[in-house]
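Structure record follows, encoded as structure tokens.
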Amino acid sequence: MSQLPVWLRGLLRRRPSTPGPLCVIGDVHGQLAKLVKLLRAARLVDGDLAWSGGQAALWFIGDFVDRGPDGIGVIELVMRLQEEARAADGQVGALLGNHDVLLLAAKRFGGLRVQGRNNGSFLEDWKESGGQESDLARLRGRHRDWIAALPAMALVGQRLLAHADSTMYLDYGFSVKDVNKRIRAVLQGDEAKAWARLLDDFGRKREFVGEQPIAQVRDFLALYGGQQLVHGHSPIRTMSDLRPEETVSPWVYADGLCVNVDGGMGTTGPGFVAELPPLGERVMRR
């Protein structure tokens, strides 16, 4: 081995990497203090908020802003953790949520109203949905570019991750790649009607609840891949008898095909970090 180049000897000495756990966190909604508490408790960041998750994969399910006081602070933390996790052979992934689109729309179109849409202007819609003036004031080009480039869906192992619990993605393509490409094209364009349509589509939720939709979610998964859908968008308290403070673990439903990770952080829920085991094993809070 001594005759080999130094860089190659280093690679040969390195142990084979073992994939870390898959962790998912639901809608944060500007609650930076809650997020920091959860990440520290899960040992994904250290006392200085630096990545300490090693090779773990952490995915945010979207809706970083609105309702809570510091959406821009949440975005900046996630952006930094993405870089630090990558350097440690870990991963921090992030999906696009409807409130993230609302913030961009409020910034880009302001008081513009789209004909045929009765929900007011983009700015009014954002304010009514919990938009925070401080987020709009602090929003910079790097934040806008980051949000606009977020995927709408992701396949992670045998799981399909998407923000919304609806079939709205079918209107944008029949593969994860196509959906992401077409929604990204909307956010990188200036066609107000396309933005308005996307926001209307993103408003749909709870389409997989009940016995009839089980076949629908099976078809949805068969089309996009994956054996289980992991989503946020609909707070668990709206789908169960749990009070917000009791929402401390994922809600598995639709015959095990769906996992809701929206812990209601935007209101009074504490939120949670869900560690997703191999399919067939019980989903746990980390």
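Each row is one residue, and each column tells you yes or no for (1) touching a Phe, Trp or Tyr at 6+ places or on another chain (Cβ under 7 Å); (2) at positive phi; (3) not in a helix (DSSP H, G or I).
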residue	(1), (2), (3)
ILE183	yes, no, no
VAL186	yes, no, no
LYS193	no, no, no
ARG197	no, no, no
ALA222	no, no, no
GLY226	no, yes, yes
ARG237	no, no, no
GLY269	no, no, yes
ALA274	no, no, yes
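Looking at ALA42, ALA56, ALA50, which one is closer than 25 Å to LEU160 by Cα, without any contact (Cβ under 8 Å) to a residue 60 or more places away in the chain and among the hydrophobic types (A, V, I, L, M, F, W, C)? Break it down into steps so the answer makes sense when it comes.
Numbers: ALA42 fails: without any contact (Cβ under 8 Å) to a residue 60 or more places away in the chain; ALA50 fails: closer than 25 Å to LEU160 by Cα.
It is ALA56.
Among (1) touching a helix residue (DSSP H, G or I) at 6+ places or on another chain (Cβ under 9 Å); (2) more than 23 Å from ASP178 (Cα to Cα), there is one condition ASP201 misses while meeting the rest; what is its number?
Condition (2) is where ASP201 drops out.
In segment 168-179, what count of residues is obtained for those that are open to solvent by less than 20 Å² (accessible area, probe 1.4 Å) and touching a residue at least 12 places away in the same chain (Cβ under 8 Å)? Explain how you work it out, then say what you get.
Of all residues in segment 168-179, those open to solvent by less than 20 Å² (accessible area, probe 1.4 Å) come to 168-169, 172-173, 179.
Keeping just the survivors that are touching a residue at least 12 places away in the same chain (Cβ under 8 Å) gives 168-169, 172, 179.
Within segment 168-179, residues that are open to solvent by less than 20 Å² (accessible area, probe 1.4 Å) and touching a residue at least 12 places away in the same chain (Cβ under 8 Å) number 4.
Quick one: is SER134 within 16 Å of the chain's Cα centre (by Cα) and closer than 27 Å to GLY68 by Cα?
Working: within 16 Å of the chain's Cα centre (by Cα): no; closer than 27 Å to GLY68 by Cα: yes.
So SER134 fails the test.
Considering only segment 118-163, state which residues are open to solvent by 40 Å² or more (accessible area, probe 1.4 Å) and in a helix (DSSP H, G or I). If you could, list the steps in order and put the result at the bottom.
Step one: list which residues in segment 118-163 are open to solvent by 40 Å² or more (accessible area, probe 1.4 Å), which gives 118-119, 123-124, 127-128, 132-134, 137-138, 140, 142, 144-145, 149, 155, 157-158.
Of everything in segment 118-163, those that are open to solvent by 40 Å² or more (accessible area, probe 1.4 Å) and in a helix (DSSP H, G or I) turn out to be LEU123, GLU124, LYS127, GLU128, GLU133, SER134, ALA137, ARG138, ARG142, ARG144, ASP145.
Where the second residue is hydroxyl-bearing (Ser, Thr, Tyr) and modelled with pLDDT under 95 and the first is farther than 30 Å from ASP200 by Cβ and lies in segment 78-103, which pairs have Cβ atoms under 9 Å and are six or more apart or on separate chains?
Going by the 9 Å Cβ cut-off, the qualifying pairs are ASP89/SER17.
I need the full set of residues from segment 27-70 which are at positive phi and open to solvent by 20 Å² or more (accessible area, probe 1.4 Å), in order please. Don't jump to the end; show me each part of the working.
Start the filter on segment 27-70 by keeping residues that are at positive phi, which leaves 29-30, 43, 49, 54, 62-63, 66-67.
Matches in segment 27-70: ARG43, LEU49, GLY54, ARG67.
Conditions (1) in contact (Cβ under 8 Å) with a residue 12 or more places away in the chain; (2) in contact with an Asp or Glu (Cβ under 6 Å, 6 or more places away or on another chain); (3) crowded, with 18+ Cβ neighbours inside 10 Å, marked per residue:
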site	(1), (2), (3)
ASP190	yes, no, no
ASP219	no, no, no
ALA222	no, no, no
GLN228	yes, no, yes
SER240	no, no, no
GLU246	no, no, no
ALA254	yes, no, yes
LEU257	yes, no, yes
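Among GLY173, GLY226, GLY210, which is among the small types (Gly, Ala, Ser) and in contact with a strand residue (DSSP E or B) (Cβ under 8 Å, 6 or more places away or on another chain)?
Values: GLY173 fails: in contact with a strand residue (DSSP E or B) (Cβ under 8 Å, 6 or more places away or on another chain); GLY210 fails: in contact with a strand residue (DSSP E or B) (Cβ under 8 Å, 6 or more places away or on another chain).
None of the others qualify; the one that does is GLY226.
The values are calculated or read from the model by the stated rules, or taken from the named source; none is laboratory data. Nothing here was measured: the structure is a model prediction, and the numbers come from that model. So basically every Cβ, Gly included, is an ideal-geometry build from the backbone, and we count neighbours across all protein chains shown. Remember, those area values only see protein heavy atoms, side chains included, never the ligands or the DNA or RNA. Shrake-Rupley method; radii C 1.70, N 1.55, O 1.52, S 1.80 Å.
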